[in-house]
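The values are calculated or read from the model by the stated rules, or taken from the named source; none is laboratory data. The structure displayed is predicted, hence computed values, not measured ones. Neighbour counts run over all protein chains shown; Cβ positions are idealised from the backbone, glycine included. Keep in mind that these areas ignore ligands, DNA and RNA; they rest on the heavy atoms of the full protein, side chains included. Shrake-Rupley method; radii C 1.70, N 1.55, O 1.52, S 1.80 Å.
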Amino acid sequence: MLNDDVGNRNPNQPGGAEDVLPDLFEVRITVSREDFAELMQKFPLDLGCRPHIEMNPDGTGTLQAFASEERIRELGAHGYKVEQGENVSAVGRERQKEVGVGDRFQGGRVMPRGLGDKPGRPGGPRR
């Protein structure tokens, strides 16, 4: 899970409000089948919801993950081919600016408007 908000940190992990998490980058790590298990055991990687691996014509696989710059350097130093993509933490910070502030329903005094679906309603969505 990508998470820059220290307030939403897993309570089982150490750290307090003064901690600043390093930015995460999208990465593509190319590895042989033989080295895949070693990669996963040596380096804790954020794989998102589930691993995404593309098989390459030469028999290697390219794993998509999220990693800090420090972890990317470690992977490269251990001989893994790593392609660094965009800074997903920065993208997340920019997207947070789009989120509204305040209670648009004014404590329940204003009813929601527009099309919507009621989950679990028999017959599916009403259009």
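For residue 116, the requirement of being over 30 Å from residue 27 (Cα atoms) and open to solvent by less than 100 Å² (accessible area, probe 1.4 Å) is met. Taking region 27-77 on its own, how many of its residues are in contact with a helix residue (DSSP H, G or I) (Cβ under 8 Å, 6 or more places away or on another chain) and among the hydroxyl-bearing types (Ser, Thr, Tyr)? Adding up the residues that qualify gives 1.
Residue pairs whose Cβ atoms lie under 7 Å apart, separated by 6 or more positions or on different chains, with the first residue in region 43-70 and among the aromatic types (Phe, Trp, Tyr) and the second open to solvent by 50 Å² or more (accessible area, probe 1.4 Å), are 43/71; 43/74; 66/2; 66/26. Just one of the listed residues (109, 95, 71) is under 16 Å from the mean Cα position of the chain (by Cα) and open to solvent by 100 Å² or more (accessible area, probe 1.4 Å), namely 95.
Filtering region 78-92 to residues that are outside any strand (DSSP E or B), exposed (fewer than 13 other Cβ atoms within 10 Å of the Cβ) and in contact (Cβ under 8 Å) with a residue 40 or more places away in the chain leaves nothing.
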